[in-house]
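Here's the structure we're looking at; comments come further down.
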There are 6 protein chains.
Amino acid sequence: MTVVRNIDRAEQGSIAKLQTFGVATVHEAQGRRGLLAPYLRPIYAGARIAGSAVTVSVPPADNWMIHVAVEQCREGDVLVVAPTSSSDAGYFGELLASSLHARGVLGLIIDAGVRDVRDLTAMKFPVWSKCVSAQGTVKETLGSVNVPVVCAGASIHPGDVIVADDDGVCVVARVEAMQVSKLCAEREAKEAKVRERLKAGELGLDIYGMRDKLAAKGLKYRDKE
Amino acid sequence: MTVVRNIDRAEQGSIAKLQTFGVATVHEAQGRRGLLAPYLRPIYAGARIAGSAVTVSVPPADNWMIHVAVEQCREGDVLVVAPTSSSDAGYFGELLASSLHARGVLGLIIDAGVRDVRDLTAMKFPVWSKCVSAQGTVKETLGSVNVPVVCAGASIHPGDVIVADDDGVCVVARVEAMQVSKLCAEREAKEAKVRERLKAGELGLDIYGMRDKLAAKGLKYRDKE
Amino acid sequence: MTVVRNIDRAEQGSIAKLQTFGVATVHEAQGRRGLLAPYLRPIYAGARIAGSAVTVSVPPADNWMIHVAVEQCREGDVLVVAPTSSSDAGYFGELLASSLHARGVLGLIIDAGVRDVRDLTAMKFPVWSKCVSAQGTVKETLGSVNVPVVCAGASIHPGDVIVADDDGVCVVARVEAMQVSKLCAEREAKEAKVRERLKAGELGLDIYGMRDKLAAKGLKYRDKE
Amino acid sequence: MTVVRNIDRAEQGSIAKLQTFGVATVHEAQGRRGLLAPYLRPIYAGARIAGSAVTVSVPPADNWMIHVAVEQCREGDVLVVAPTSSSDAGYFGELLASSLHARGVLGLIIDAGVRDVRDLTAMKFPVWSKCVSAQGTVKETLGSVNVPVVCAGASIHPGDVIVADDDGVCVVARVEAMQVSKLCAEREAKEAKVRERLKAGELGLDIYGMRDKLAAKGLKYRDKE
Amino acid sequence: MTVVRNIDRAEQGSIAKLQTFGVATVHEAQGRRGLLAPYLRPIYAGARIAGSAVTVSVPPADNWMIHVAVEQCREGDVLVVAPTSSSDAGYFGELLASSLHARGVLGLIIDAGVRDVRDLTAMKFPVWSKCVSAQGTVKETLGSVNVPVVCAGASIHPGDVIVADDDGVCVVARVEAMQVSKLCAEREAKEAKVRERLKAGELGLDIYGMRDKLAAKGLKYRDKE
Amino acid sequence: MTVVRNIDRAEQGSIAKLQTFGVATVHEAQGRRGLLAPYLRPIYAGARIAGSAVTVSVPPADNWMIHVAVEQCREGDVLVVAPTSSSDAGYFGELLASSLHARGVLGLIIDAGVRDVRDLTAMKFPVWSKCVSAQGTVKETLGSVNVPVVCAGASIHPGDVIVADDDGVCVVARVEAMQVSKLCAEREAKEAKVRERLKAGELGLDIYGMRDKLAAKGLKYRDKE
């Protein structure tokens, strides 16, 4: 079991841009990749973050390594916690949040449970978790910090960019962050034009030129008998 | 694969009444029928709608037919989307919502995922869905519009009335809308009287005359030993 | 099938203290016991209650015994409803809530569905339930009131103290209420000191003296290659 | 609540043919429609049936109407049981199976639980169910027999043909049974030829002529670096 | 954390009778109580056991206490393992089974995972579990042996009788074992007569005299239009 | 979207050894890593395989890329199929199995559905899948072959060794295959000795020397009151 220090992080400008685009746009812009499973939900609505992943591989119902991971976090990071087998225990609460908050960490992604959600909401420390659970954990077994993990079905490497908002959580590979942020900008520009036309009452069928392709596939229209 | 145009809709007065009664009352008034599975949840609290169903049968993770369905919607409709096999992809976001909104559509019922929930909430475009998911979809395979569908375990025909609120979603057959709205009014009148007596401290046991029936079934009372 | 009257309740002072500590602290203070399964969720955020359990064992999709149980409730109680087999029906709505509210009951814990959640929220009558469902129930089959039940995986006896907040629901044995409230106070005092140090930037690794134990277990640190 | 007698059934020759083709072929041949949700599983491997649906709409955890439905069954029928809200109770066991067996009924499809599976297996009375559960049911509330139902997500009308095997359960509309059985035969003939070529080592890529279409979509091949 | 030695067990004659009746009959005979949740499934078909519960409360993903519990088991016992929070780890495999087998233990009930199922099947050591999982566990945290537990939703005390077969698992309170076995015998005698009449083609509607009650509730019969 | 040809595979001797040890031993020997989620289950009992992973990333409910992947498979390989979003469609049946069988492929691991399970069982072509489902798929959208995938929660690279048996599925990194097979042999040798002692009635408590550590942690023994 290992703790890796001094991981590489993406350039801050790209991270900031990814935050403004949000999960759906980032996911689409990078080719519909990187989405974590939709059972991860925010504990309160409205939070939007993007930051560098500090990853933690933890045993089921044992949060010892989260204490170890705190030391490896710095301002702008997002903690990503993945149990080695399924757990709905409450690994994380307001004491750990206070500690991360003091270090400038932006939020937590955890494929398990979280507690003290009233306090976390009051502190505006956002969490995306599998469930809310007060179930206590132990501090007995080692895990690893800053190793590759699978969290909610997505492969995440330390230093990858985590984008999270009300739609869920998406990961962008560290080395692709700049490229993806550019693709996001292009996508948004394109969508802005479509949005105006849709609001004005034009149909997607016409804007996207779908009618011929639909007819070619064999779509038939008929009136109600 | 077919698109049916010019479906029949229920009379607007009945729809408006059903909206005021809400899901629980409508479900009870029509004999405890028509409820969609409770895993369909609103993306934000407080929305209450009733409208005519425009139904869409879609392939898993393919939202092409929703674009086709938009054209068949008119003011006061509710779009009902049912995949042909289980999917948690994000079929619907703010662009499609803008388009539906421009046509006066009241909301979306979808047995799959939805995304851009922050934007949809800001627009006040209500959605009842199986999950929130940013997972992108393709536009490759045909489906049908305005055919009977099974959505979240309930059979829905085009033009049926959809009632949805914080309790979930209920369907009323088009031809029964007026009759059900009358039964709702009767139920509400009856409940209003019971409510006052309960608030005044009377017991349901007495108001509903349950004591004799309970005794006849064999219910025993005893003090704690 | 039996209704037990005149159950013993915990002393009110202890109950009041448990309410202030909340679910996570109570659960930890009593040795990580007593938590109900995390699938029980509040219908609205922010409610915090503690009260004496009036338990109801109900048949699936039959809410008759809840009407019977209302009479056994008094001010400061919490109704705890457990079906004998799995059900997601909507056993409880605003009429029953009005009745309980008139008697000073603090809230409902139910391992099944609840409806009229908009009204319940407006009334500030909190409910922790497995789901929201408008599905109507019948009144045909007896159950029991104030017998031991298993609710959401936890064994609950009548008169036990129920503590519930945004983190979920915890049960404290009636005779242990005073002792547990003392342990909670000790825990909170201890955590208050830790909290200040964490906010000041100290690490849990140092505050809790974990570094030696981690090293002894074999944890290795290394820099990114 | 109603019992409909003397329902129409499909012609026996078509039913017999559908039985030989099995679920996957029937489902494909009718345009990928009619499959019940895959959580319905056979209680033992190897059974293959096709017969006319006698449908039963039952309350949760109440099997009274199954007794009513038995009388409406005749040789070659398949009983289809759908609760009005979710239930995992054990509605059906060896006594009911003995009664159906005596009438020549071929099997049971139930979106709920079944028990006595050891006896049912010994009797060779096949069941496709949501779960195995010994949970007893009551006989208190009416339902309906031979009305349209939604069972495991599929809409089923009385007299429709039910095809079930180790792959699950599929429904064929009564009036389409003959046409679907013809389409199945065509599909099987076509697949038989493909099967021989595949067994001989030819690739589907070549047999189906997929290479050009894949290239046109942009698929790239490259060697491992 | 405590290990209780020398627990009381039910009288062996009653246990032997309960084994012959099986889960469904025992569950019904004791008033439809005592069934464990149906997600507990046997790892192979055909096993039928009844024995005295030795209970183990274990931490999530930690099987240390099972080793402790083995020593408390004697011939004719059934080991019952309940994690304090949800786990799907593989707590138990062929080594532990060999140890229990050597002591005459009849089988294992576990609300978690089990592994080495091929070996356990070959040994004819039956297990009813939540899942099959090879996930390894640790030996770090204490639990308790022979304390009351909630296992798969049922409350089980040490020395209670566990009955398990292909239908699932049922618990009978130790002091009720003799009485329940008598009720089972009565039930079976009654069912034997009904079975013969059903096999001969009589209807349950007539045998149980249901027709009048159904009519009184309002059931209507009509022919297909 | 890319197909990678000529991937590296592990040395055949190591693969053959891993096959003999089975999933539980391999998982433990490599430090409790590499297990796929336990919801993947074999379609029939008794199969035991180990082979080199040919990975396929597929769109939901679209099996086109499996046809592409077949060409990349050679004798001794195991096909690993992971949808990009959750799907329970039936991607794979006996035609594809015939094709793989002709090429010497050992089996299929798929985080989705499979059909024709009767035929696959008769052919002895083993599959570990999320579900059995006849739901048909389309051939419209590209994916990739021999790229890293996450399958059932585990990260798998092309050429990694897949070990599967009745306990589930485990992955061993290609470059670690030899080392892990040695560790397995050591583990088995050690377990063989323990097994004999356990069968002879010795307790794990004594064999593993657990009594002192348990006492040190505070475990108490007491007799039943």
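The values are calculated or read from the model by the stated rules, or taken from the named source; none is laboratory data. As the structure is a prediction and not an experimental result, all values here were calculated from the model. Here Cβ is always computed from backbone atoms with ideal geometry, including for glycine, and neighbour counts include all displayed protein chains. In case anyone asks, the SASA skips ligands and DNA or RNA and just uses the protein heavy atoms, side chains included. Shrake-Rupley method; radii C 1.70, N 1.55, O 1.52, S 1.80 Å.
The sole residue among D:Leu106, D:Leu35 that is open to solvent by 20 Å² or more (accessible area, probe 1.4 Å), at pLDDT 95 or above, within 22 Å of B:Ser155 (Cβ to Cβ) and not β-branched (Val, Ile, Thr) is D:Leu35. In the set (1) in a helix (DSSP H, G or I); (2) in contact with a strand residue (DSSP E or B) (Cβ under 8 Å, 6 or more places away or on another chain); (3) farther than 30 Å from B:Lys130 by Cα; (4) open to solvent by less than 10 Å² (accessible area, probe 1.4 Å), the condition left unmet by F:Met65 is number (3). Among the residues of the range E:115-149, those that are away from chain A (no Cβ under 14 Å), aliphatic (A, V, I, L, M) and in contact with a strand residue (DSSP E or B) (Cβ under 7 Å, 6 or more places away or on another chain) comprise E:Val117, E:Leu120, E:Val127, E:Val145, E:Val147, E:Val149. Of all the residues in the range D:68-89, those that are under 17 Å from the mean Cα position of the chain (by Cα) and open to solvent by 10 Å² or more (accessible area, probe 1.4 Å) number 2. Taking the criterion of being under 30 Å from A:Leu205 (Cα atoms) and open to solvent by 60 Å² or more (accessible area, probe 1.4 Å), would at least one residue in the range B:196-217 satisfy it? The answer is no, given that none of the residues of the range B:196-217 is under 30 Å from A:Leu205 (Cα atoms) and open to solvent by 60 Å² or more (accessible area, probe 1.4 Å). Would you say F:Val163 is within 15 Å of F:Ala50 (Cβ to Cβ), of a type outside the set (Asp, Glu), touching a Gly at 6+ places or on another chain (Cβ under 8 Å) and open to solvent by less than 10 Å² (accessible area, probe 1.4 Å)? Judged against the criteria, F:Val163 is a match. Within this structure, C:Gly168 fails the test of being on the phi > 0 side of the Ramachandran plot, at pLDDT 95 or above and open to solvent by 30 Å² or more (accessible area, probe 1.4 Å). Among the residues of the range D:40-61, those identified as outside any strand (DSSP E or B), touching a Gly at 6+ places or on another chain (Cβ under 9 Å) and surrounded by fewer than 24 Cβ atoms within 10 Å (Cβ to Cβ) are D:Leu40, D:Ala47, D:Arg48. Within the range C:1-58, being among the basic types (Lys, Arg) and under 23 Å from C:Asp119 (Cα atoms) holds for C:Arg41, C:Arg48.
Of the set (1) surrounded by 15 or more Cβ atoms within 10 Å (Cβ to Cβ); (2) within 13 Å of chain B (Cβ to nearest Cβ), all apply to A:Arg174 but (2). Within the range B:135-163, being hydroxyl-bearing (Ser, Thr, Tyr) and more than 20 Å from D:Val150 (Cα to Cα) holds for B:Thr137, B:Thr141.
For the range B:1-38, filtering for residues that are farther than 22 Å from B:Ile110 by Cα, outside any helix (DSSP H, G or I) and within 14 Å of chain C (Cβ to nearest Cβ) leaves 2.
Considering only residues that are of a type in the set (A, V, I, L, M, F, W, C) and under 18 Å from the mean Cα position of the chain (by Cα), look in the range F:3-17 and name the one that is farthest from D:Arg222 (Cα to Cα).
Once the filter is applied, the top-ranked residue is F:Ala16.
Contact map, the range A:18-46: residues that are acidic (Asp, Glu) paired with residues that are not in a helix (DSSP H, G or I), Cβ distance under 9 Å, separation 6+ or inter-chain. Pairs shown: A:Glu28/B:Ala134; A:Glu28/B:Gly136. Residues in the range E:93-102 that are open to solvent by 10 Å² or more (accessible area, probe 1.4 Å) and more than 7 Å from chain F (Cβ to nearest Cβ): 3 in all. Could you check, for the range F:171-187, whether at least one of its residues is in a strand (DSSP E or B) and either at pLDDT below 95 or under 14 Å from F:Ile15 (Cβ atoms) (or both)? There is at least one residue in the range F:171-187 that is in a strand (DSSP E or B) and either at pLDDT below 95 or under 14 Å from F:Ile15 (Cβ atoms) (or both). The listed residues are C:Gly76, C:Gly46, and the only one of them that is away from chain A (no Cβ under 14 Å) and either on the phi < 0 side of the Ramachandran plot or modelled with pLDDT of 95 or more (or both) turns out to be C:Gly76.
One residue alone among B:Val145, B:Val138, B:Val132 is among the hydrophobic types (A, V, I, L, M, F, W, C), more than 24 Å from C:Val132 (Cβ to Cβ) and in contact with a Pro (Cβ under 7 Å, 6 or more places away or on another chain), and that residue is B:Val138.
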